[in-house]
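A quick write-up on the structure given underneath.
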Amino acid sequence: MSSVSVVIPCYKYGHFLADCVRSVLEEQEGLDVRVLIIDDASPDDSAEAARKLAASDPRIEVRVHERNKGHIATYNEGLLEWADGDYVALLSADDRLVPGALVRAAALLDAHPEAGFAYGRPLRFQHGGPLPKARTGGTGQVVYPGPWWLERRFAEGTGCITSPEVVVRTSLQRKVGGYDPKLPHAGDIEMWMRLASHADVGYVRGADQAYYRVHGNNMSTTDFGGQLDDLRQRRVAFESVLVKCADQLPQAERLSLTVHTRLARFALRRAYRAYDRGRTGVVPVEELVEFARDCLPGFEALPEYRALRLRRRIGAGAMPYLQPLVLSAVAERGREWLWWQSWKRRGL
């Protein structure tokens, strides 16, 4: 029987703990599962809630920090110091697993020793709302070669994993080390890429693997300044992988150019869309442009920069009203270009 160690960091989320732990221990039949709840010096009754759960089930352990150490140190304490099962999962106290999620992930990792971690589709749900209906009957497994999966991440410039849906081979987790404290908001993206640089990646098809709670306290940011910070954090994450995993990345120079181009395009797109939406007063347009310039020498050749330059000529005040005309003109030029290419191929 495979064993899974589940680390549940908690800070002021004691009221979610019972449901979170229940999803780990009562809905994953056929596995040897242990849970560690680490309360990071919560100022409320979260530690008491954790101890109450531990008193009711010997599979639950609790650690309580006397002072707040932060989420990265808390993650690493559980993953590197405590976890000793075949596999390990990190689950926030406000999230929960879908029934059978650990069973499906463990089965994939049991069958494919070349896979370093397994993940699947997460379900997002609004805090206070009902859980969406989850699919629990998987339709199969797929294992992606690590280099191929990693290259996709560099090409897209973003992650494809939320976090609670991941189960990692414990031996690999120890090999690559813990989360990087220099990446408080993008450490998960960097972690998945580090893992993929050393092993293949498993994906559970046809079943949902975890529930991710969306509320105001999620660390991901949606404000305009936060979007710029997100780009900066992502850049540091990708650059960190290029340094830490240099021996596993023979195409590092190409991957670097790919991701820096992608991130520059993201920044410029957000900048020109601020003109379209009449939000140049709140979107840090100039900082986004500086980010693109710092990311990619020659960024002025990107189509997103040309789009921004056009909008600057039109002006922030007029652009929201003229946007339909501008987009129509751009689309028409695109159609003309396609027609010209087709005309040339036909040799007319």
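The values are calculated or read from the model by the stated rules, or taken from the named source; none is laboratory data. This is a predicted model, so every value here is computed, not measured. No Cβ is skipped: glycine too gets one built from the backbone with ideal geometry, and neighbour counts run over all protein chains shown.
Observations
- Matching residues, segment 177-201, being closer than 25 Å to residue 111 by Cβ and either outside the structural domain of residue 167 (by TED's automatic domain parsing) or out of contact with any His (no Cβ under 8 Å at 6 or more places or on another chain) (or both): 191, 192, 193, 194, 195, 196, 197, 198, 199, 201
- Flag for residue 92 being part of a loop (DSSP other than H, G, I, E, B), within 19 Å of residue 191 (Cα to Cα) and assigned by TED's automatic domain parsing to the domain that holds residue 200: yes
- Leading residue by the ranking (farthest from residue 76 (Cα to Cα)) among those in segment 88-144 that are touching a residue at least 60 places away in the same chain (Cβ under 8 Å) and among the basic types (Lys, Arg): 135
- Complete set of residues in segment 122-142 that are in a loop (DSSP other than H, G, I, E, B) and either aliphatic (A, V, I, L, M) or not assigned by TED's automatic domain parsing to the domain that holds residue 167 (or both): 131, 134
- Reported count of residues in segment 19-44, each being of a type in the set (Asp, Glu), under 17 Å from residue 55 (Cβ atoms) and in a helix (DSSP H, G or I), is 0.
- One residue from 61, 66 being outside any strand (DSSP E or B), in the same structural domain as residue 109 (by TED's automatic domain parsing), modelled with pLDDT of 95 or more and not aliphatic (A, V, I, L, M): 66
- The single condition from (1) over 30 Å from residue 292 (Cα atoms); (2) not assigned by TED's automatic domain parsing to the domain that holds residue 131 that residue 208 fails is (2).
- All helices (runs of 4 or more DSSP H) inside segment 233-348 with 1 or more residues being among the aliphatic types (A, V, I, L, M) and at pLDDT 90 or above: 252-276, 285-295, 303-314
- Among the residues of segment 14-33, the ones that are closer than 17 Å to residue 95 by Cα and either buried (at least 20 other Cβ atoms within 10 Å of the Cβ) or in contact with a Cys (Cβ under 7 Å, 6 or more places away or on another chain) (or both) come to 8 in all.
- Any hit, segment 158-174, residues being touching an Asp or Glu at 6+ places or on another chain (Cβ under 8 Å), hydroxyl-bearing (Ser, Thr, Tyr) and under 30 Å from residue 289 (Cα atoms): no
- Only residues that are within 22 Å of the chain's Cα centre (by Cα) and without any contact (Cβ under 8 Å) to a residue 40 or more places away in the chain were counted in segment 3-23, giving 0.
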